[in-house]
1. Has the range 311-326 got any residue that is assigned to a strand (DSSP E or B) and of a type in the set (A, V, I, L, M)?
2. Considering Asn218, Asn199, which residue is outside the structural domain of Lys122 (by TED's automatic domain parsing) and modelled with pLDDT under 95?
3. Restricting to the range 281-297, count the residues that are crowded, with 16+ Cβ neighbours inside 10 Å and assigned to a strand (DSSP E or B).
4. Of all residues in the range 102-122, which are part of a loop (DSSP other than H, G, I, E, B) and surrounded by 13 or more Cβ atoms within 10 Å (Cβ to Cβ)?
5. May I ask you to verify whether His265 is in a loop (DSSP other than H, G, I, E, B), within 23 Å of the chain's Cα centre (by Cα) and surrounded by fewer than 17 Cβ atoms within 10 Å (Cβ to Cβ)?
6. For Arg278, are the conditions met, namely being touching a strand residue (DSSP E or B) at 6+ places or on another chain (Cβ under 7 Å) and within 16 Å of ligand 2 (Cβ to nearest atom)?
7. Could you check, for the range 94-101, whether at least one of its residues is closer than 29 Å to Ser38 by Cβ, open to solvent by 60 Å² or more (accessible area, probe 1.4 Å) and within 14 Å of ligand 4 (Cβ to nearest atom)?
8. Checking Ser88 against (1) under 29 Å from Trp56 (Cβ atoms); (2) hydroxyl-bearing (Ser, Thr, Tyr); (3) not in a loop (DSSP other than H, G, I, E, B), which test does it fail?
Amino acid sequence: MSFKFSLLLLLLPLYGNTILENATCKKCHPTIFSEYQSSIHAKSSIFKDSVHKAVWDKHPDKLKGNYKCAKCHTPSDHDLISGKTKLSKNDIQESEPISCQACHTIESIEEHKKINKNIFTKKRKLFFSADKQREGKVVKFKEESSFFGLVTKTVGSPYHDINYSNRNFYNGDMCLGCHDHKQNGKGFAVCDMQIKKGNSKETCISCHMPKLQGSFVNLKDTKKHAFHGISIHTTDVSLLSKYIKLSLNRTAKGFEVTIKNEATHTLFAQPLRLNQLRVTIERDGKTIPLKTENFVRIIGKDGKPAMPWVADSELKNTLIKAHEVRKVAYDTPLKKGDIVVLEFGYYLVNPNSAKKLGITDKSVTNFTILTKNRFKI
Ligand code: HEC
Ligand code: HEC
Ligand code: HEC
Ligand code: HEC
Ligand code: HEC
């Protein structure tokens, strides 16, 4: 079979009416495609994310049929975005609400007070990516033969061009069209990551998409690929826990726990989350629980907690900020032989909010431990 013919077969859509964009990428990028399936970006619609659905079901815009959330939650449902259709269950909503293209075609980010805006390239089959060795280049497909035509080497992708000159793919800013902040109709910031890059070597991409074993494409052996399974909904926290450091110092009254946040953003800024430090002492075969410290941002109106579209003020904010070193003091004297166990983790949905929203799904209401440490005194 000729190369061109097999390529044609490869690119024929497999699905009836809806042509899923990712189905094409899957053929040549199988490892990344399969990781993506478990990422939150593959499940960010109301049909896959029960938490997003629970909030949307209570949202006043639902009655008006105005699903404004689409800009960030389901940008790949192009008919919905352009106003041709209303929000409804379809293959895109269910399997690629934020498709491969949705990210790889982001040309720039326009900054706005309310929400930022992604500007997509209008060029077809042109994807942005990062590669230090090719920085600044646009790579088009080429077949190069050497040894009098006996050996053919290909450069680039037979399906698409690659542009390596977009700095947002090097510094992580390509995430910020959706992730920086969000204000409600009252101009109140419901969510704000308060990003501080400082002189951090790490970016959104290096921390959340670290290079793992396995080639990024089946036509070329690259050894490594950028992890595409981004999620905190699954309980595998092993990739990120190293950026939160826990330590313990004895004090005159007892001891002090230090939490160092190396992330370039506020931890768990999404207002539904509840972040906690839990401390126990193992002494003489018994376990003694000490007070639990909450890190939380409560938003509301007239001094009472309120839903995000009603809130106009912050009632409480003890979240740990970008690069912050937080200390929590305990007045419990320690004895030789004690083991102090520290657990730092989060609820995806604060149990109080879960009750109000009628969320009972165990995978969402459980406490997830992000990092844990034991100290022998
Ligand atoms: C087109 C918009 C968009 C872009 C671009 C985007 N995200 Fe997201 N991301 C979302 C939305 C929407 C959610 C929340 C989905 C949900 O929980 O239903 C999310 C969730 C997340 C989460 C939380 C995971 C979880 O399980 O709750 C992380 C971490 C994340 N994104 C990281 C990134 C990083 C890193 C980048 C850049 C490489 C990025 N995102 C680019 C829209 C986007
Ligand atoms: C500016 C982009 C943007 C818009 C518009 C937007 N969201 Fe989100 N949403 C996000 C991002 C990014 C996250 C992930 C935040 C995080 O995990 O820190 C998120 C997370 C959420 C979550 C938490 C989901 C989970 O599973 O934990 C809920 C609930 C949510 N959004 C509801 C909505 C609703 C309802 C709308 C529309 C009325 C909406 N959002 C509009 C960007 C957006
Ligand atoms: C949330 C945004 C986002 C989504 C969704 C996304 N990517 Fe990526 N992808 C990136 C970023 C950012 C990089 C650059 C990583 C780096 O620094 O090398 C990247 C890198 C890549 C690379 C190249 C190199 C490597 O080291 O892995 C390939 C190939 C790729 N993506 C394909 C895909 C495919 C196929 C899909 C869909 C199944 C997809 N991407 C979905 C953001 C995304
Ligand atoms: C016919 C096979 C084929 C298909 C289909 C395909 N790609 Fe690729 N892609 C490649 C090859 C080969 C490369 C590596 C080119 C090189 O390094 O010279 C590549 C590279 C990339 C890169 C850049 C990797 C880097 O160096 O950082 C991205 C991003 C990417 N592809 C995204 C996609 C997306 C998104 C889709 C689906 C819309 C897709 N590709 C479909 C073959 C394909
Ligand atoms: C130094 C590493 C590091 C960098 C840089 C970083 N993060 Fe994070 N991020 C973390 C850690 C650690 C967590 C908390 C652990 C977890 O989510 O599993 C986190 C959590 C998140 C969450 C989930 C919060 C929630 O409440 O749902 C989102 C969304 C996110 N990061 C997006 C980003 C974006 C966007 C950038 C770039 C501005 C970025 N991160 C840069 C380490 C990092």
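1. From the range 311-326, those assigned to a strand (DSSP E or B) are 313-317, 325-326; that's our starting set.
So of that shortlist, the ones also of a type in the set (A, V, I, L, M) come out as 315, 325.
Yes; the residues of the range 311-326 include at least one that is assigned to a strand (DSSP E or B) and of a type in the set (A, V, I, L, M).
2. Numbers: Asn218 fails: outside the structural domain of Lys122 (by TED's automatic domain parsing).
It is Asn199.
3. Here is the first cut: in the range 281-297, the residues crowded, with 16+ Cβ neighbours inside 10 Å are 281, 290, 293, 295-297.
Then keep just the ones that are assigned to a strand (DSSP E or B); that gives 281, 293, 295, 297.
Total satisfying the criteria: 4.
4. Step one: list which residues in the range 102-122 are part of a loop (DSSP other than H, G, I, E, B), which gives 105, 111-116, 121-122.
Once the filter is applied, which keeps residues that are part of a loop (DSSP other than H, G, I, E, B) and surrounded by 13 or more Cβ atoms within 10 Å (Cβ to Cβ), the range 102-122 yields Thr105, Ile115, Asn116, Thr121.
5. Working: in a loop (DSSP other than H, G, I, E, B): yes; within 23 Å of the chain's Cα centre (by Cα): yes; surrounded by fewer than 17 Cβ atoms within 10 Å (Cβ to Cβ): no.
In short, no.
6. On the way: touching a strand residue (DSSP E or B) at 6+ places or on another chain (Cβ under 7 Å): yes; within 16 Å of ligand 2 (Cβ to nearest atom): no.
Taking the combined requirement at face value, the residue does not satisfy it.
7. no
8. All conditions pass for Ser88, except number (3).
The values are calculated or read from the model by the stated rules, or taken from the named source; none is laboratory data. Treat the numbers as computed from the prediction; the structure is a model and nothing was measured. Counting neighbours? That spans all protein chains shown, and the Cβs are built from the backbone with ideal geometry, glycine included. With ligands, DNA and RNA removed, areas are computed over all heavy atoms of the protein, side chains included. Shrake-Rupley method; radii C 1.70, N 1.55, O 1.52, S 1.80 Å.
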